[in-house]
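What follows is a set of notes on a single structure, which appears directly below.
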Amino acid sequence: MLGFYVLLITDVVCIAALIWIWAAIIRLFLDKHYRECPPYVPSFGMEKKIIISRVKEILKKSTRSLTVLDPGCGSGSLIVKLAKEFPEHKFIGVEWGKMAYGIAKIRTSGLKNTEILCCDMFNYDFGNADVIVCFLMDPLMEKFGEKVKKDHKKPQIIFSNSFKIPNLKLSEEITTGRFLMFKNVYVYRVD
């Protein structure tokens, strides 16, 4: 009987989380201000695994310390995974949502090679990053691409989970096709 209640509670929590995520996504397309500061939607699935794998390859091959930037880092899951494995590199997460920022700050508190900032990503200078990883929504991608171009100081590699950056030249498209909305990884090289 206890097992039944545990499963029931788990199902209710999962359904509530899915409803919250889809409500946030729908609100993105209905509320102009909300699109400018989107909600925390965690990255997941094959696309996230591909990005982590590709960034790991870059970090392993590098003979110097690199800076990896995650604008809109949410709870910092991608940064934490990489920062633990590569203490010689620097990881910066930028998150405007106070709750997600707080979680990311706690998760990275023991990692000396990470920095989590609570601010609007468009007020942060992307120019010092060697690698940029992002999971942003369509309404932000054009503005994001303009920001990358404006701040550009050195060669950068950008990995975008599921959404193309329309004003940057696509270097590679990794097709996963796993979900209807969230699929593919787009890779850009800005020289």
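Just so it is clear, none of the values below were taken in a lab; they were calculated from the coordinates. Everything numeric in this text was worked out from a predicted model, so none of it was measured. Glycine also receives a Cβ, built like all others from the backbone with ideal geometry; neighbour counts cover every protein chain displayed.
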Item to check | Entirely in segment 63-170, the strands (runs of 3 or more DSSP E) that have 1 or more residues that are in contact with a Pro (Cβ under 8 Å, 6 or more places away or on another chain) | outcome: 90-95, 131-134
Checklist entry - Does segment 51-75 hold any residues that are surrounded by fewer than 19 Cβ atoms within 10 Å (Cβ to Cβ) and among the acidic types (Asp, Glu), and which are they? => result GLU57
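Residues of segment 98-123 being polar (S, T, N, Q) and surrounded by 14 or more Cβ atoms within 10 Å (Cβ to Cβ), which ones? Lay out the reasoning, then the answer.
Of the residues in segment 98-123, the ones polar (S, T, N, Q) are 108-109, 113-114, 123.
Hits for segment 98-123 are THR108, ASN113, THR114.
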Checklist outcome for this item: LYS169 fails exactly one of (1) over 15 Å from ILE92 (Cβ atoms); (2) charged (D, E, K, R); (3) surrounded by 19 or more Cβ atoms within 10 Å (Cβ to Cβ), namely (3)
